[in-house]
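> Below is the structure I would like to discuss, written out as structure tokens.
The values are calculated or read from the model by the stated rules, or taken from the named source; none is laboratory data. Since this is a predicted model, take the numbers as computed values, not measurements. Reconstructed Cβ throughout: ideal geometry from the backbone, glycine too, with neighbour counts over all protein chains shown.
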Amino acid sequence: MNKKLDKDEISHFIDNDLYVPTRTVYIGPTAADGETDVIMAERAIKNLHILDSKSSDPIEVLMINPGGHFDAGMAIYDAIQLCKSPITVKVFGYAYSMAAVILQAADTRIMSPNARLMIHYGEEGLSSNHPKITKKWKIQYDKDSLWMKNQFLDRIREKQPDFTAAQMEKLLDFDTILNAQEAVDLGLADKVMEVANGHKQ
């Protein structure tokens, strides 16, 4: 299928991470050393809303993401979950930490052949030395960690019903790095993009 490429649409995709003709959204850092933050979340939410409000046709998300802030990542997770359109997320390069959580919101989760997934509990990131404030944020961190563990566990159990909470906790205690096929085998992705002899199938 050959369609004439529109320079304005291409420029819009490069600048704003949205390509309307193919209903494609890019979710990734806005800078070379960037991470999942409010800017990424704001752009993702707006772009998903634009496409989802136009029709309920499938939306494709292209993602390379090192992870980052939990709250910003949860905003993207919810935006994907609340779309009436089926969402496919394709991971290129890596989906680490919070990005691995975002991936689980998709209806279809696809890894490029050389992509990697990394899961862990992450850091508490407490910003106050006041003991009462620190205690409250520690409670919230524990709640967030439990929610994240359960999301991973639910997706894994779709493929491995007998996978235990203890097994999940062991994977999350420290960084667990998975290649594309390992992510699929575990149940945190659905398939690996197929390439045969250097050519797309």
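> Please work out which one of (1) closer than 15 Å to Ser145 by Cα; (2) crowded, with 17+ Cβ neighbours inside 10 Å; (3) not aromatic (Phe, Trp, Tyr) is the condition Glu123 fails and give its number.
That leaves (2) as the condition not met.
> Within region 30-64, work out how many residues are part of a loop (DSSP other than H, G, I, E, B) and either among the small types (Gly, Ala, Ser) or surrounded by 19 or more Cβ atoms within 10 Å (Cβ to Cβ) (or both).
Residues that pass the stated criteria total 6.
> Consider region 78-128. How many of its residues are among the polar types (S, T, N, Q) and in contact with a Gly (Cβ under 6 Å, 6 or more places away or on another chain)?
Here the count works out to 1.
> Of all residues being more than 26 Å from Asp71 (Cβ to Cβ), in contact (Cβ under 8 Å) with a residue 24 or more places away in the chain and assigned to a helix (DSSP H, G or I) in region 153-180, which is nearest to the chain's Cα centre (by Cα)? Just the residue, please.
Filtering first and then ranking leaves Ala180.
> Something else: Across region 1-29, which residue is surrounded by the most Cβ atoms within 10 Å (Cβ to Cβ) among those that are in a loop (DSSP other than H, G, I, E, B) and at pLDDT 90 or above?
Kept after step one, since they are in a loop (DSSP other than H, G, I, E, B), are these residues of region 1-29: 1-6, 17, 23, 28-29.
Retained after the next criterion (residues that are at pLDDT 90 or above): 17, 23, 28.
On the way: Asp17: 20, Arg23: 18, Gly28: 18.
Once the filter is applied, the top-ranked residue is Asp17.
> Moving on. Taking the condition of being under 16 Å from the mean Cα position of the chain (by Cα) and farther than 13 Å from Tyr121 by Cα, how many residues in region 136-152 meet it?
Qualifying residue count for the region: 0.
> Same structure, new question: Within the group Ala41, Ala106, which residue is in contact (Cβ under 8 Å) with a residue 12 or more places away in the chain and under 21 Å from Val192 (Cβ atoms)?
Exactly one of Ala41, Ala106 is in contact (Cβ under 8 Å) with a residue 12 or more places away in the chain and under 21 Å from Val192 (Cβ atoms), namely Ala106.
> Within region 155-197, how many residues are closer than 19 Å to Met118 by Cβ, surrounded by fewer than 18 Cβ atoms within 10 Å (Cβ to Cβ) and of a type in the set (Asp, Glu)?
Matching residues across region 155-197 total 5.
> Still on this structure, I have one more. Answer yes or no as to whether Ile59 is in contact with a Cys (Cβ under 9 Å, 6 or more places away or on another chain) and of a type in the set (Val, Ile, Thr).
Yes, satisfied.
> Then there is this: Tally the residues that are touching a Ser or Thr at 6+ places or on another chain (Cβ under 7 Å) and free of Cβ contacts under 8 Å to residues at least 40 places away in the same chain, restricting the search to region 109-136.
Residues meeting the conditions: 3.
> Another one. Given the conditions (1) modelled with pLDDT of 95 or more; (2) more than 15 Å from the chain's Cα centre (by Cα), report the number of the one that Ala79 does not fulfil.
Failing condition for Ala79: (2).
> Of the residues Gly68, Gly93, Gly125, Gly73, which is of a type in the set (Gly, Ala, Ser), at pLDDT below 95 and under 14 Å from the mean Cα position of the chain (by Cα)? Can you show your working first?
Details: Gly93 fails: at pLDDT below 95; Gly125 fails: under 14 Å from the mean Cα position of the chain (by Cα); Gly73 fails: at pLDDT below 95.
Checking each option against the conditions leaves just Gly68.
> Here is a further query. So Gln104 clears everything in (1) within 24 Å of Arg23 (Cβ to Cβ); (2) at pLDDT below 95 except one condition, right? Which one?
(2)
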